[in-house]
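Engineer: Provided herewith is a single structure, encoded as C-alpha cells, for subsequent inquiry.
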Amino acid sequence: MIHLYTDSSPNGFKITIALEELGLPYTLHPIRIDQGENRRPAFLRLNPHGRIPVIQDDETGITLFESAAILLYLADKTGHLLPAAPKPRWQAMQWLVFHAASVGPILGQRVHFELFAEDRQPANIARYRGLTHDAFSTVDARLAAHPYLAGDDYSIADIAHFGWTHIARIVGFDFSAYPHLSAWHERVARRPAVRKGVTLPAPATGA
Ligand SMILES: N[C@@H](CCC(=O)N[C@@H](CS)C(=O)NCC(=O)O)C(=O)O
C-alpha cells in the first residue's frame, strides 16, 4: 500500500492525479498546512523540509518527498506515464525538470507576491509576471508542435505542469496569450483521473 501525505494544493494534486491515473491503491493522509501540521515532528521525520507531498510505499519501504521524484518513482514502479523510447522519455524528463526548476517555483512566487504578500510590491509582481510569461511562452511553443510535453504521449511531465496550471487558472492568471497551453490544459482537465485528483484531499472548510 502507498501512503500519501498531502493537502489540497498544486504540488499535492500532481500525486493524487498520478495515483488515480495509475489505478494504484493508496491511503490518503491529509496534512493541514493552514494548521501547521507540515511543521510537526512526526511529519518532519517524513520530509525534513516540511512540505507536502510525501509518499511511503509499504511494498518497498521507500519514503519520498519532492513531487517530481515521487512522479518518477510511480512511473518507474508501474512502467506507465513515462515513454519507453529514449527520445520521448528524455523529453518527458526534460519538461518534468523544467517544471520542477522553473515553472512551479515561478508560479509559487507569483501567487505569493500577487495574492498573499502584505505589501504588494509592484516590482516583485512585475518580475514574476515576466518570468511567468517566459515560462508559459516556452511551454506554449512546445505544445504548438506536440499534443503533450513528451511528444505524442501524456506523461508525468504533463501531470506536473497541470498541478500548477490548475491553480493558475483558479486564481485568474491570464492564459489568453498562450493558445496551445490553454488547449492542452483543457484537454488534460477532461481526463477522469485529473478531475478526481484535483478534489483530493477535500479542501479545509475553515470550520
Ligand atoms: N518542490 C516541492 C515543493 C513542495 C511545496 O512547496 N509544497 C507546498 C504545498 S503546494 C507546501 O507544503 N507548503 C507548506 C509550507 O511552505 O509551509 C515539490 O515539488 O514537492
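Engineer: Could you tell me which of Tyr26, Ile15, Tyr5 has its Cα farthest along the dipole of segment 2-80 towards the positive end, charges placed at Cβ (Lys, Arg +1; Asp, Glu -1), taken about the Cα centre?
Structural biologist: Of Tyr26, Ile15, Tyr5, it is Tyr5.
Engineer: Determine ³J(HN,Hα), in whole Hz, for all residues of segment 45-54 in sequence, where each value follows from phi through the Karplus function 6.51 cos²θ - 1.76 cosθ + 1.60 and θ = phi - 60°; x replaces Gly and Pro.
Structural biologist: 6, 7, 9, x, 7, x, 10, 8, x, 9
Engineer: List the lysines whose Cα sits under 23 Å from the Cα of Lys14, skipping any in the same chain fewer than 8 residues away.
Structural biologist: Filter leaves Lys77, Lys196.
Engineer: Roll a 1.4 Å probe over the protein chains and send me the accessible area per residue for segment 86-193 in Å².
Structural biologist: So segment 86-193 comes to 49 Å² accessible per residue, rounded to a whole number.
Engineer: Of all chymotrypsin sites (Phe, Trp or Tyr not before Pro) in segment 1-72, which ones are in loop regions per DSSP and have a Cβ with at most 12 other Cβ atoms within 10 Å?
Structural biologist: For chymotrypsin sites (Phe, Trp or Tyr not before Pro) across segment 1-72 that sit outside H, G, I, E and B with at most 12 neighbouring Cβ atoms in 10 Å, the list is empty.
Engineer: I would also like to ask the following. Taking only the alpha-carbon atoms of segment 2-80, what semi-axes of the equivalent ellipsoid follow from 5 times the gyration tensor eigenvalues under a square root, in whole Å, largest first?
Structural biologist: With the √(5λ) rule applied to segment 2-80, the semi-axes are 20, 13, 10 Å.
Engineer: How large a share of the accessible area of the chain, in percent, is made up of carbon and sulfur atoms when the probe is 1.4 Å and the other protein chains stay in place?
Structural biologist: 55
Engineer: Multiply the residue separation of Thr138 and Arg187 by 0.36 nm, subtract the distance between their alpha-carbon atoms, and state the gained length in nm to one decimal.
Structural biologist: Value of the extension gain: 15.8 nm.
Engineer: Sticking with this one: Tell me, what is the per residue accessible area of segment 2-80 in Å², probe radius 1.4 Å?
Structural biologist: Averaged over the residues of segment 2-80, the accessible area is 46 Å².
Engineer: With point charges of +1 on the Cβ of Lys and Arg and -1 on the Cβ of Asp and Glu, referenced to the Cα centre of segment 86-193, which listed residue (Ser176, Val111, Asn124) lies farthest in the positive direction of the dipole?
Structural biologist: Ser176
Engineer: For the chain, what is the mean residue ellipticity at 222 nm derived from helices alone (per DSSP H run of n ≥ 4: -39500 (n - 2.57); sum divided by total residues; nearest 500 deg cm²/dmol)?
Structural biologist: -16000 deg cm²/dmol
Engineer: Set Lys and Arg Cβ to +1 and Asp and Glu Cβ to -1, take the dipole of the chain about its Cα centre, and tell me which of Leu81, Ser102, Val194 lies farthest positive.
Structural biologist: Checked the options; the winner is Ser102.
Engineer: Moving on. State whether segment 147-207 is rounded, prolate or oblate according to the following rule on the C-alpha gyration tensor (a ≥ b ≥ c being the square roots of its eigenvalues): a/c under 1.5 gives rounded; otherwise a/b larger than b/c gives prolate, and the remaining case gives oblate.
Structural biologist: oblate
Engineer: Ignoring GluC sites (Glu not before Pro) that are buried or in helix or strand per DSSP, and keeping those with at most 13 other beta carbon atoms within 10 Å, what is the longest stretch of the chain between them?
Structural biologist: 119-207
Engineer: Just to be sure I understand: of the beta bridges DSSP finds with both ends in segment 1-113, what percent are antiparallel, rounded to 5?
Structural biologist: So the antiparallel bridges in segment 1-113 amount to around 60 percent.
Engineer: Moving to a separate point now. Is the chain best put as rounded, prolate or oblate by its Cα gyration tensor, with a ≥ b ≥ c the root eigenvalues, rounded for a/c under 1.5, and otherwise prolate when a/b is larger than b/c, oblate when not?
Structural biologist: The shape class here is oblate.
Engineer: Stick to the Cα atoms of segment 31-147, pair each with every other, and give me the Kirkwood hydrodynamic radius in Å at one decimal.
Structural biologist: Mean inverse Cα-Cα distance, inverted, gives 16.8 Å.
Engineer: Go through segment 181-196 residue by residue and turn each phi into a ³J(HN,Hα) via Karplus (6.51, -1.76, 1.60, θ = phi - 60°); whole Hz please, and just put x for glycine and proline.
Structural biologist: Along segment 181-196, the couplings run 4, 4, 5, 4, 4, 5, 5, 5, 4, 7, 5, x, 5, 6, 4, 6 Hz.
Engineer: Mind running the shape call on segment 86-193? Use the C-alpha gyration tensor, a ≥ b ≥ c as the square roots of the eigenvalues: rounded below 1.5 for a/c, prolate if a/b tops b/c, oblate otherwise.
Structural biologist: Prolate.
The values are calculated or read from the model by the stated rules, or taken from the named source; none is laboratory data. Everything numeric in this text was worked out from a predicted model, so none of it was measured. Using ideal geometry, Cβ is built from the backbone for each residue, glycine included, and neighbour counts are taken over all protein chains shown. Quick note on the areas: whole protein, heavy atoms, side chains included, nothing else; ligands and nucleic acids left out. Shrake-Rupley method; radii C 1.70, N 1.55, O 1.52, S 1.80 Å.
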